[in-house]
Amino acid sequence: MTPPVPPKPKPKKSMFNHYDPERDKRDMIVMLAHKEAVDAGEKRLLVRTVQGELFSYKREEIGFITGGVGAKITTGAGMLFVGTLCWIAVLALFVYMFFIHDATAGEWAGLVFVELLFAAIAWYFMHLGLAEHRARKLRKARGLPKPNLLWHNSWPTKNKDIV
């Protein structure tokens, strides 16, 4: 009679026990395909998806990058909402400027500067929101996973010598 085989001890659950040797193989396959596409003249970026897998995206499939410190707007709808708020501020300031009759030239210059600044910020938010909306539609149509652009180590790379 053979002695029973003791069960393997389960590793402790920790945020550091996520190494998957199969992931390295999958990453190498993606990097080789990425290098072939770049060598063929395509402009592509290597980015990790929200599931943690490496993926080769075209620039228009990514949208906007949400990395950095502080609060983040991560959706196209959020960017469009903030852009709309800025346009409302531009309109309100424009209307307010018609009711000021005793302002000095310096005050007018300041109001015009703030007006133009808000208009530029509104345009920028609208541009980012529309870019994310287009990228989301492209990813959905092509069946691509969502890129993870929140981590500092997942920023897009154009490194051609990665393999």
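Bear in mind these aren't lab numbers, they're just calculated from the coordinates by the rules spelled out. In this text the structure is predicted, and so the values were computed from the model without any measurement. Neighbour counts run over all protein chains shown; Cβ positions are idealised from the backbone, glycine included.
Listed by chain and number, the aspartates and glutamates whose C-alpha is less than 12 Å from the C-alpha of Lys58, apart from same-chain residues fewer than 8 away, are Glu42. Applying both filters, DSSP loop and at most 14 other Cβ atoms within 10 Å, to the chymotrypsin sites (Phe, Trp or Tyr not before Pro) of region 26-126 gives Phe99.
With the simple spin-label model, which puts each label point 7 Å out from Cα in the Cβ direction, the Ala40 to Ile88 separation comes to 4.7 nm. Legend: residue pairs Lys35/Lys140; Lys35/Lys72; Lys72/Lys146, Cα-Cα distance threshold 28 Å; pairs beyond threshold, Lys35/Lys72. Listed by chain and number, the aspartates and glutamates whose alpha-carbon sits under 15 Å from that of Lys43, ignoring those within fewer than 8 places in the same chain, are Glu60, Glu61, Asp161.
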